[in-house]
1. Scan (1) at pLDDT 85 or above; (2) under 30 Å from F553 (Cβ atoms); (3) open to solvent by 60 Å² or more (accessible area, probe 1.4 Å) for the single condition T302 breaks and write down its number.
2. Grab the helices (runs of 4 or more DSSP H) fully contained in the range 380-494, keeping just those with 2 or more residues being modelled with pLDDT of 85 or more.
3. If the Cβ limit is 7 Å and pairs must be 6+ apart or interchain, which residue in the range 354-368 that is under 18 Å from A205 (Cβ atoms) and assigned to a helix (DSSP H, G or I) pairs with which residue that is open to solvent by less than 20 Å² (accessible area, probe 1.4 Å) and among the polar types (S, T, N, Q)?
4. Within the range 60-79, is there a residue that is open to solvent by 40 Å² or more (accessible area, probe 1.4 Å) and over 25 Å from the mean Cα position of the chain (by Cα)?
5. Give the range 207-240 a look and list any residue that's surrounded by 24 or more Cβ atoms within 10 Å (Cβ to Cβ) and within 30 Å of A60 (Cα to Cα), or say none.
6. Among (1) in contact with a helix residue (DSSP H, G or I) (Cβ under 6 Å, 6 or more places away or on another chain); (2) open to solvent by 20 Å² or more (accessible area, probe 1.4 Å); (3) under 26 Å from H330 (Cα atoms), where does G638 come up short?
7. What number of residues within the range 149-182 are over 30 Å from Y100 (Cβ atoms) and either open to solvent by 30 Å² or more (accessible area, probe 1.4 Å) or charged (D, E, K, R) (or both)?
8. Quick check on my filter: what residues within the range 641-669 are open to solvent by less than 60 Å² (accessible area, probe 1.4 Å) and assigned to a helix (DSSP H, G or I)?
Amino acid sequence: MTKDKADAVVEAHNPHDPLAAGFPPGWEGRALFYIAIAFSVFQILTAAHLVDFASQITRAFHVGFLLLLGFPLLALMRGAGPVVRALAWGLAALSVAVAYYQWAEYVPLLMRAGDPLPLDIVVGVIALATVFGAAWAMMGAALPIIAGTFLAYCLWGQYLPSPLNHRGYDFAQVVEHMAYGTEGIYGIPTYVSSTFIFLFILFGAFLEKAGMIKLFTDVSLGLVGHKMGGAAKVSVLSSGLMGTISGSGVANVVTTGQFTIPLMKRFGYRPAFAGGVEATASMGGQIMPPVMGAVAFIMAETLGVAYIEVVRAAIIPAILYFAAAFWMVHLEAGRMNLRGLSKAELPSPLAALKAGWHLILPLAVLVWLLFSGYTPLFAGTVGLGLTLMLILGASVALGLPQGAIRVIFWIGLGLAAGAFLQWGIWVVASVVAALIAVNALSKGGRETLIICRDALADGAKTALPVGIACALVGIIIGTMTLTGAANTFGQFIVGVGENSLFLSLVLTMITCIVLGMGIPTIPNYIITSSIAGPALLELGVPLIVSHMFVFYFGILADLTPPVALACFAAAPIAKERGLTISLNAVKIAAAGFVIPFMAVYTPALMLQTGGPLSEAIGFIPAVLYIVGKTALAIGLWGVAVIGWLGAPLALWQRALAMVAAGALVVAMPATDAIGFALVLAFVAQHLILRRRAAA
């Protein structure tokens, strides 16, 4: 199946991703294609500070571009009639007018803050209405209804009984708060969307066009394709690697899944299990450092910490998550007696790296910059610039004679790339401009420019759901800041936690999963963390651990029934019901449900200080102990769920393994002792039974 046909299949069967296919044909599709390119170019210029606007104006233009592109594109791709398409273009024009008004009236709006003109209120209402409309069209009713409820609370919450009521705010004050300044639709989520998120989406789009998916797949096949259950292990590894440049679970499913799910089915895995493996691994890409999902950047900005701190908290849980997925597919392969592919029919990982090693360079530089303390905005800009230099430079190098001239060219390009640390981003911009000019002179170079142009358009289209969700969820954040609504629910969580921290955590988990049934991970995280984060902090949970707790369950909401977006994205590829895939994904992703709870009771699991264990035995021993205990609990859970460990297990053996795993998860000295005793009992009886069977 070709990529275009595969995209069409996904579009036809996946209502959760209306933008799965490319740009539609016709003059409208072509116009939107070039609007998308203009959107990406604007974001690159502002991120690199080649063009400077005030932050408020940049955010307004960002939202304006999102709606200008989103309304007509959705109407076209859903086959709407001429009346609906005309309405969509009209809403797009209104969105542009709002952005222009924010730009033209920027200083006057600041001067009359608190005393808006009637025209300000009209424009503000249009801004709110268009954002609500775009979100409804893009993601369905759930998120707009939630945001609308919060907006209604601002307007009429004073009529609710205590303690739910507030002092009351008039219509003009609410509109000004939500549609102007940096508290409503132009708040922190939109700021992060217009900077870090968009750049990293573009970065992933360019690497994908350059062949990074093929590199990841070939390396994964070569490394684990010959192992027992190799096809599923390829899926786990390639989807995890893809997550380093994508960070979007559903996007991972519909890209790597086109290859891995049919491979697993051909290998002998059940369709539901194959889809569950791909969905689980793809969602894990959002928690896999060094480049995590968009939520990680929002978390760093919200907490006011360096991105490296978020990476540090995520690294061990992410490794355990993917190790657990590996273990589950290994056990399933053993149960089904699924052996690996022959090495003769697999690509060589060394040959794949030799052919595509240069694609890893921008990613390596990006990681180095992030870990060296540079801002994600700077790191993303430089990483994108270096990716462009590599793609365009490779095309130019093909036209040069082999030998010394090519070597000199690449050395010169490398020196120019390194010069940005001394002279800034203008060096990279100048080199990219020169490479574009040279590529325009040859047929192969023009084909490369077309690839880059398409990557710009695809990146902007991919950013639409994220950006629109960030704009709308700003209304919820604006409600929190205006009314203090977070305190009410937070006090309830604290009240529950005074009697039982575990019940507070369960309540927070359920809130995340229920919200995740209707809204994407980003708004889910923003809503829940703003409410539960301070409450859990008051109960003694470190702030970054509480935010990671919410982050994890926001991701897992895309695997849990009944909605399970990632699983429904895998359904048309696996040719299986999304709900059946979801049930398998929940079993495979069990580690994701366990790790957040264990980290709350023992923060050392997220490399955070504090907690009774660290105080008792020291930080490093606590880290080693909790990692070992968690790995053991996850391993036992896999054995209990799959029912195989070198041989089929009886129900009582599986029950023993499950009870032992549960005892290890509960963070109490007595339960640890019981858990380790049960582990020894399980291992002893298993070895005895295996020896008897062998005899």
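1. (1) is the only condition that T302 fails.
2. Filter on the range 380-494 gives 404-418, 425-439, 443-483.
3. P362/T387; L363/T244
4. Yes, that holds for at least one residue.
5. Once the filter is applied, which keeps residues that are surrounded by 24 or more Cβ atoms within 10 Å (Cβ to Cβ) and within 30 Å of A60 (Cα to Cα), the range 207-240 yields only L207.
6. Unmet condition: (2).
7. Qualifying residue count, the range 149-182: 12.
8. Listed by number, the residues that qualify are V641, I642, Q653, A655, L656, A657, A660, A661, G662, A663, L664, V665.
The values are calculated or read from the model by the stated rules, or taken from the named source; none is laboratory data. Given the structure is predicted, the values throughout are model-derived calculations rather than measurements. All Cβ positions, even for glycine, are placed from backbone atoms using ideal geometry, and neighbour counts span all protein chains on display. These area figures cover heavy atoms from the full protein model, side chains too; ligands, DNA and RNA do not enter into them. Shrake-Rupley method; radii C 1.70, N 1.55, O 1.52, S 1.80 Å.
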